């Protein structure tokens, strides 16, 4: 039978590992919650603004990393084994032995490193997706500006034609009508072009969301496979 002192020491170390596992499981649950909220925002199922969502993920990422660092620091201290005294037979002087272990858990713990990389990847993906979204929003805004400018131009032409018509109604009626038809045709052409552009942007956005979702699903499958 193994010595009682050795059994106690190994048992304490296993208990320490179990505590680390439980703490990291809580951290992983928080990572999944942050990811879920970010994905809902991308799918427009979450009402937070862009800045609110970005701040939320940044703060949670910092909080998660701090917790991981705290876990490593606290559990490293727990690895220091107190001095153990062993008595042999009926000898008056008992011999003692102090075992001190220096842990490098903070840098070598595989689970901690994987978690850190996961958080960094999540933050990087979110930043990239936010940039793509801003570009799409800017394109839509530019198209709306062009459409407004065209509408203002048409309105001005209508007013100019109206003035000209009032000054010489009988001579310019036919010309006015033709000009109006031309303007309307030009306007419809521009309007169709704008509509087509917006439709293309919408299709690109939907495709982007689908690719993002597939990527997330693949990451989850890879994670399950590794586990």
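Exposure proxy ranking for 225, 26, based on other Cβ atoms within 10 angstrom of each Cβ and starting from the fewest, stands as 225, 26.
Subtracting the Cα-Cα distance of residue 58 and residue 138 from their residue separation scaled by 0.36 nm leaves 26.4 nm. Projected onto its three principal axes, the C-alpha set of the range 135-227 covers 86, 18, 10 Å, listed from the longest axis down. Each residue in 145, 153 was given a count of other beta-carbon atoms within 10 angstrom of its own, and listing them fewest first yields 145, 153.
Applying 1/(1 + (r/R0)^6) with r as the Cβ-Cβ distance of residue 131 and residue 156 and R0 = 45 angstrom yields a FRET efficiency of 0.75.
Looking at the calculated P(r) for the range 1-44, what percent of the C-alpha pair distances fall above 16 Å? Cα-Cα pairs in the range 1-44 separated by more than 16 Å: 59 percent. Between residue 187 and residue 39, the modelled labels are 4.7 nm apart [label points 7 Å from Cα along Cα→Cβ].
A Förster radius of 22 Å, combined with the Cβ-Cβ distance separating residue 48 from residue 222, puts the computed FRET efficiency at roughly 0.20.
Label positions at residue 32 and residue 210, each projected 7 Å from the Cα along the C-beta direction, are separated by 2.8 nm.
No lab work stands behind these numbers, since they all come straight from the coordinates. Remember, it's a predicted structure, so these values are computed and weren't measured experimentally. Ideal geometry is used to build each Cβ from the backbone, glycine not excepted, and the neighbour counts take in all protein chains shown.
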